[in-house]
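Here's the structure we're looking at; comments come further down.
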Amino acid sequence: MFAPGHLGELTQIVPFEMVDAVLAESDGVARRVRKVPARVVVYLLLAAALFAEVGYLGVWRKLTAGLGGAAVAKVTGGGLWQARTSLGAGPLRALFHLLAGPASTAITRGARWRGLLVCAIDGTCLDVPDSPLHRARLGKNCNQYATAGYPQVRLVALVACGTRAIIDAVFGTAAVGEPAHSLSLLGSLREGMIVLLDRGLSGNELLKAIAGTGADFWPGCRRPAGHQPCIG
C-alpha cells in the first residue's frame, strides 16, 4: 500500500522522513490506511509539478511504473483529486519553507557579487481552470466588449540567481500588481544580499522597504556603515 510514491531522485531530495515530519506537524497524517496515504499524495503533487501536462492519472502511472508485478491500488482521477483536497495546503507549505533557500555556498560559482548573494524579484501570471469558483475569487481579464481568457494567479518570487533556487514566493489575484505582492517577500531579505529589480519594481515605497531589511538592490548603491540608506 505504501510503495507508490517512490520517484527515484525525488525521494533523495525530499526523503520520506521529511514528508512524514511535515505531515505530523500539519496534522495531515491519515487516521487510517487509505488507498492513497497522505505521504503518497505529497509525492503525487511534487511529481505533478514535473509532469504538469499528463494529469493526475498520468502522474500516478509514472509514480507506480517501476513497481513491476507489485499490487498497486486502483485509483481514479476523481479519487486522486479528493485525496489532494483532503490533504490541504498546509503540508506542502511547510515542505516549501523547509526546502526554500539559495542552495549555494560561499564558493558556488556565479552566486555572489563582491561578497553579496545575488537575488532577483520578479513575477509572472499563471492560467488556472475557468471554473465558477476561480472566476469568483480571481476574476478574469475584460475589455470594452466582454471578459476573455482564463482566470489568472499572479506569482512573485525571490530567486537566487546563481542557482535559480527559490528563496521565497507569494501568489494571489492578478488584480494586485507585482510591487504590492513583493512586499510580502521582505521577511526573506537580509543584509548580505543584493536584489535585482526590473523597472516595474522601481517605486520608492518598495525600494525603501527593501533598504529597510538591510539588503542592497540594483539599481542602487552600497551604504557605508552609519549612513542613511541611499535609494537609486
Need one number: nm distance between label points at Leu67 and Phe96, each 7 Å from Cα along Cα→Cβ, rounded to one decimal. 2.9
Sequence-distant residues sharing a close amide H with Asp168 (under 5 Å, placed H): Leu158
Hey, what's the per residue convex hull volume over the C-alpha atoms of the range 112-218, in cubic angstrom? 110
For the range 144-194, run through the trypsin sites (Lys or Arg not before Pro) and keep only the ones in DSSP coil with at most 14 other Cβ atoms within 10 Å of their Cβ. Arg164, Arg190
Could you name the lysines in cross-link range of Lys35, using Cα to Cα under 27 Å and dropping any fewer than eight places away on the same chain? Lys62, Lys74
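Hey, what's the Kirkwood Rh for the range 9-99 if you take every pair of different alpha carbons, in angstrom?
13.6
Every number here is computed from the coordinates shown, using simple stated rules; none is lab data. All values derive from a computational prediction rather than experimental measurement. When we count neighbours, we look across all protein chains shown, and the Cβ atoms used for this are built from the backbone with ideal geometry, even at glycine.
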